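Participant: For reference, the structure I am asking about is given below.
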Protein chains: 2
Amino acid sequence: MPPLKLPPDSLDLAQILKASGVKATVQRLEIYRELSGSMQHPDAEAIYRGVRRRIPTVSLDTVYRTLLLFLKLGLVSSLRLPHERIRFDPNLTPHHHLVCTRCGRVQDFTHPDFDALKVPEAAQSWGVIEKMQVEIRGQCERCARQTKPGRSRSLIQTKEEPK
Amino acid sequence: MPPLKLPPDSLDLAQILKASGVKATVQRLEIYRELSGSMQHPDAEAIYRGVRRRIPTVSLDTVYRTLLLFLKLGLVSSLRLPHERIRFDPNLTPHHHLVCTRCGRVQDFTHPDFDALKVPEAAQSWGVIEKMQVEIRGQCERCARQTKPGRSRSLIQTKEEPK
DNA sequence: TCCTAAATAGTAATGAATATCAGATAGTAA
DNA sequence: TTACTATCTGATATTCATTACTATTTAGGA
């Protein structure tokens, strides 16, 4: 399951899926079409509602499974990670986060370039800004060292918990 | 409940709470102490385990309620928001997010300054980087217009869903 | 000390996200 | 085309983080 990271126009999604060694089912194609046609960053439920208009028998579980598969293949991204629980941070001074997509651990970092960032005007007109923060996602060294390919269905295994 | 945003050394937390019109209970003080003593960005469960060493009868619900209260008062922040479900994003090109902490809606934005950011070396040595993204949190204009103070227990009301 | 709103403990409920498994399907080879 | 087989799907059950409920206790002012 090689990490293909092309922005797939739905045309060749079937090819990409096959090249990744998974089947190009109608459910998968429709789920991708539904997602790619939205600017709303929909959740699984919203995608489910949309897809069901064309495939009335599709199940919510298939939608979840497919979206997580797309995630694993790098065909889409997600705002928060699967299995990610709420973590709290007492540090109110400006800082940023390194988040491991496998173990979920978070590490702070700071950098002058990041502190110098100004909130763009586009955001000002969007609403009332509370905070701005950079998140870097990846795999911490420890996780990266372990079995290279992420075989699990979801991205975060929460077994090894903080502290 | 005025938004006091001082970084409270646990000494005056009691004062801050009272000034905010809520009671300074031992549970609240201990929960804050537990959180502020950690660099791990712990979740509610981890904080619960720690606090229970000193207050064996504390309940997990109290921990959750207290942390959400701290969030609302701006005394702590959270990595992801309460009630936030997984949202998917088909856009693989570099972009950033405006997230409304009240309705949960997400809007993309781009900005040359943000695109010019380079992954700092500190992050390179941390592990294998997959992506870097800026998140701006706040209230979208629509939500900001409504009843000013956030009265809800949790920060996101998920009733009004995407699309 | 007494009083009362607010907070807590204990527990039940909720709901997003996963797992299980029997039956259906895609893709291949003949 | 047909048959074959690993992969997928749909339906359902389950898990588990998070939130709600309620009787009881407590903080903090009178």
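Derivation of every value follows stated rules applied to the coordinates shown; laboratory data play no part. Model, not experiment: these values are computed from the prediction. Glycine gets a Cβ as well: all are built from the backbone with ideal geometry, and neighbour counts include every protein chain shown.
Participant: Roughly how many Å is it from the Cα centre of the range B:53-103 to that of the range A:69-122, as a whole number?
Facilitator: Answer, in whole Å: 13.
Participant: Give the span of the range A:10-73's Cα atoms along each principal axis, as three whole-Å numbers ordered largest to smallest.
Facilitator: 29, 25, 20
Participant: Something else: Near B:Cys140, within a Cβ-to-Cβ distance under 10 Å, what is the net charge of the other residues, with Lys and Arg +1 and Asp and Glu -1? Intermediate values should be presented prior to the final figure.
Facilitator: On the way: positive: B:Arg102, B:Arg105, B:Arg142, B:Arg145; negative: B:Glu141.
Here the count lands on +3.
Participant: Using Cα pairs closer than 8 Å and at least 6 residues apart in sequence, work out the relative contact order for the range B:21-112, in percent.
Facilitator: On the way: 54 pairs, mean separation 15.2, N = 92.
Here the relative contact order equals 17 percent.
Participant: Ignore the peptide's own chain and count Cβ atoms of other chains within 10 Å of each Cβ in A:47-54; give me the average, rounded.
Facilitator: Numbers: counts 4, 0, 2, 1, 0, 0, 0, 0.
Averaged over the peptide's residues, the number is 1.
Participant: Given the pairs A:Lys118/B:Lys72; A:Lys118/B:Lys131; A:Lys18/A:Lys131; A:Lys118/B:Lys23, which span a C-alpha to C-alpha distance of over 30 angstrom in this model?
Facilitator: On the way: A:Lys118/B:Lys72 24 Å; A:Lys118/B:Lys131 21 Å; A:Lys18/A:Lys131 42 Å; A:Lys118/B:Lys23 37 Å.
With Cα atoms farther than 30 Å apart: A:Lys18/A:Lys131; A:Lys118/B:Lys23.
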